[in-house]
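Reading through the structure tokens given below for one structure.
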Amino acid sequence: MALVFVAAEEREFSGFLEFLEDVRPFRGRINFLRTGKLKGRNVVVAANGQGPGLARAAVEDAAGIEERGVEALISTGYCGALDSSLKLAEIFVD
């Protein structure tokens, strides 16, 4: 099983990717797709642009490459427009 991280832009993962081991590019229909390990756990990282349609494609491609299933889907990134009451570095869980 894998943790799947999805963001709109590749640059939103710039600080995160340095913590992954064995990072490998993966070709899909989306802009940015990588696999790797985070403390021994399988991780898939995907970015495909802004909007629900592009996010859906990123999730589908990311989840599709992990044959043992998805343990958790984490939508991450700058998402400042989500809610004006959110502050810098605040975590939103739904």
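The values are calculated or read from the model by the stated rules, or taken from the named source; none is laboratory data. Keep in mind it's a predicted model, so treat the numbers as computed, not measured. Positions of Cβ are generated from backbone atoms using ideal geometry, with glycine treated the same way; all protein chains shown enter the neighbour counts. Side chains included, ligands, DNA and RNA excluded: accessible areas come from the protein's heavy atoms. Shrake-Rupley method; radii C 1.70, N 1.55, O 1.52, S 1.80 Å.
Just a few scattered comments:
- Selected residue (criterion: most open to solvent (accessible area, probe 1.4 Å)) from residues of the range 39-66 that are out of contact with any strand residue (DSSP E or B) (no Cβ under 7 Å at 6 or more places or on another chain) and of a type in the set (A, V, I, L, M, F, W, C): Leu54
- Among the candidates Ala58, Ala72, Ala62, residue that is under 23 Å from Val93 (Cα atoms), of a type in the set (A, V, I, L, M, F, W, C), in contact (Cβ under 8 Å) with a residue 40 or more places away in the chain and not in a helix (DSSP H, G or I): Ala72
- Cross-chain or 6+ apart pairs with Cβ under 7 Å, the range 2-27 first and under 16 Å from Ile65 (Cβ atoms), then of a type in the set (Ser, Thr, Tyr): Phe5/Thr76; Val6/Ser75; Arg24/Thr35; Phe26/Thr35
- The single condition among (1) free of Cβ contacts under 8 Å to residues at least 12 places away in the same chain; (2) open to solvent by less than 50 Å² (accessible area, probe 1.4 Å) that Ile30 does not meet is (1).
- When the residues of the range 67-80 are filtered to those that are small (Gly, Ala, Ser) and over 15 Å from Met1 (Cβ atoms), the one that is least open to solvent (accessible area, probe 1.4 Å) is Gly77.
- Residue among Phe13, Phe92, Phe5, Phe19 that is modelled with pLDDT under 85 and not acidic (Asp, Glu): Phe92
- Filter result for Phe19 (surrounded by 13 or more Cβ atoms within 10 Å (Cβ to Cβ) and under 15 Å from the mean Cα position of the chain (by Cα)): no
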